[in-house]
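The block underneath contains the structure these notes are about, expressed in structure tokens.
The values are calculated or read from the model by the stated rules, or taken from the named source; none is laboratory data. Just so you know, these numbers come straight off a predicted model, no measurement behind them. In this analysis, Cβ positions are derived from the backbone assuming ideal geometry, glycine residues included, and neighbour counts consider all displayed protein chains.
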Amino acid sequence: MELTPMIDCVFLLIMFFILTTQITVNIEEVTLPFALEGQPEKRENTDAVMLIMNVRKSQADDAPPRSGEVVYQGKVLNTKTLRTMLDEEVAYDAAPPPRGRGRAKEVGPNNVQLSQLEILIRYDKHVKSEYLRTIFEQCQKAGVYKLKLATTQP
Amino acid sequence: MRIKQNKRVIEESELDMTPMIDIVFQLLIFFLLSAKFIALEGQLSSYLPKDRGLQASFSKIEPDEVIFFLEWVADPVNDKTGRVRCQTINYKPSPGAASGQDHEFESQDATVGQIEYGPDRRLVQYGEGVDMPGYHIPNFTNIEDYLNFRHGLYETKGSGKSIPVTINVSDNVPMQMVANIVDICTRIGITNVTIAAKEIPID
């Protein structure tokens, strides 16, 4: 029996699944809110860097509205660690190439330094919206102003 | 005689593939199961104000600004459900009317599951069946009509800008309602949407 073609195929499949799992590592399983106007992600601006922040239901099985937790790269964040994380990412984005991406900060009104980072917020629709406020506050203090809400079609 | 022997040796030395194929199949199944596929997701853009240093947003309330107040009212009997109350504060709701007037939107029952939503009044799933009993939510069709009306009023003034909308959410309101109001604003073409953030010191 000639096994070589089958082994080729199977290796290809394995490579495919290894690569796709690498991509989805930042994504938690959340039920996204529905919205009719959500635009699919545009990839025309290849310079854009988007961080994915998840807000998922917490393990506590409480009545609605549910409490939740902010998760970034698999780690649960509180207000302090969220701020540290944002500051680190902003610094990395602006640092010159050996230590970062070297993208210049924008200068807003009143000479405020603004980062070019984008943040996609994947927020569970059943979770109460109080974490949204924390995220907005901390982003604003860290100088990140490009935020996006992930939605799904109804 | 010699040639025969050689043939036999070659046949015997053929590699046994079975263990490798077993392992490769194991790997394949592992990655198959661990792969999460990205469902088709949309994105609603929202931008924070750029002038964070001055906290200018506190002093600058435009006279025509629409301010939504979303508030969670828990059901006193059944703690599994509740009501989201939505009202606006208008500084000048219409020419001649008193300013500072509240406009409360009536609630609708989303516990059964489907509600009408969007410009073509299509039915969408809201609650989530047994483990998510659902709640009473503001009537988004009314909100959309109202915002359209206010947007129209504002446009006739011809400032060339979009009407400012602020969404003031209390902590307990589920995210879905916030997303719906941002969605409605995007559909009408309002770009000036703020989600009000109370200043709370870091612990």
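Looking at (1) at pLDDT 80 or above; (2) surrounded by fewer than 16 Cβ atoms within 10 Å (Cβ to Cβ), which one does B:Gln101 not meet, given that it meets all the others?
(1)
Can you name the residue in the stretch A:79-111 that is within 9 Å of another protein chain (Cβ to nearest Cβ) and surrounded by 13 or more Cβ atoms within 10 Å (Cβ to Cβ) and, of all such residues, is farthest from the chain's Cα centre (by Cα)?
A:Pro109
What are the residues in the stretch A:105-120 that are part of a loop (DSSP other than H, G, I, E, B) and not small (Gly, Ala, Ser), if any?
A:Lys105, A:Val112
Quick grid of which residues meet (1) free of Cβ contacts under 8 Å to residues at least 12 places away in the same chain; (2) more than 30 Å from B:Arg121 (Cα to Cα); (3) part of a loop (DSSP other than H, G, I, E, B):
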| position | (1), (2), (3) |
| --- | --- |
| A:Arg103 | no, yes, yes |
| A:Arg122 | no, no, no |
| A:Tyr131 | no, yes, no |
| A:Thr134 | no, yes, no |
| A:Gln138 | no, yes, no |
| A:Lys148 | no, no, no |
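Just one of the numbered conditions (1) over 11 Å from the mean Cα position of the chain (by Cα); (2) under 25 Å from B:Gly42 (Cα atoms); (3) among the acidic types (Asp, Glu) is not true of B:Glu155; which one?
For B:Glu155, the failing item is (2).
Which one of the conditions (1) over 17 Å from the mean Cα position of the chain (by Cα); (2) surrounded by 12 or more Cβ atoms within 10 Å (Cβ to Cβ); (3) away from every other protein chain (no Cβ under 12 Å); (4) at pLDDT below 85 does A:Pro65 fail to meet, given that it meets all the rest?
Against the list (1) over 17 Å from the mean Cα position of the chain (by Cα); (2) surrounded by 12 or more Cβ atoms within 10 Å (Cβ to Cβ); (3) away from every other protein chain (no Cβ under 12 Å); (4) at pLDDT below 85, A:Pro65 comes up short only on (3).
I want to confirm something. Restricting to the stretch B:149-187 and keeping residues that are of a type in the set (Gly, Ala, Ser) and assigned to a helix (DSSP H, G or I), which single residue is modelled with the highest pLDDT?
Of the stretch B:149-187, the ones of a type in the set (Gly, Ala, Ser) are B:152, B:158-160, B:162, B:170, B:179.
When the remaining residues are screened for being assigned to a helix (DSSP H, G or I), the result is B:152, B:179.
Values: B:Gly152: 83, B:Ala179: 87.
So, considering only residues that are of a type in the set (Gly, Ala, Ser) and assigned to a helix (DSSP H, G or I), the one modelled with the highest pLDDT is B:Ala179.
From the residues in the stretch A:34-45 that are assigned to a loop (DSSP other than H, G, I, E, B) and at pLDDT below 85, which one is nearest to A:Asp124 (Cα to Cα)?
Checking each candidate, the answer is A:Gly38.
Got at least one residue in the stretch B:49-67 being under 23 Å from A:Thr152 (Cα atoms) and either modelled with pLDDT under 60 or outside the structural domain of B:Gly189 (by TED's automatic domain parsing) (or both)?
No, the stretch B:49-67 contains no residue that is under 23 Å from A:Thr152 (Cα atoms) and either modelled with pLDDT under 60 or outside the structural domain of B:Gly189 (by TED's automatic domain parsing) (or both).
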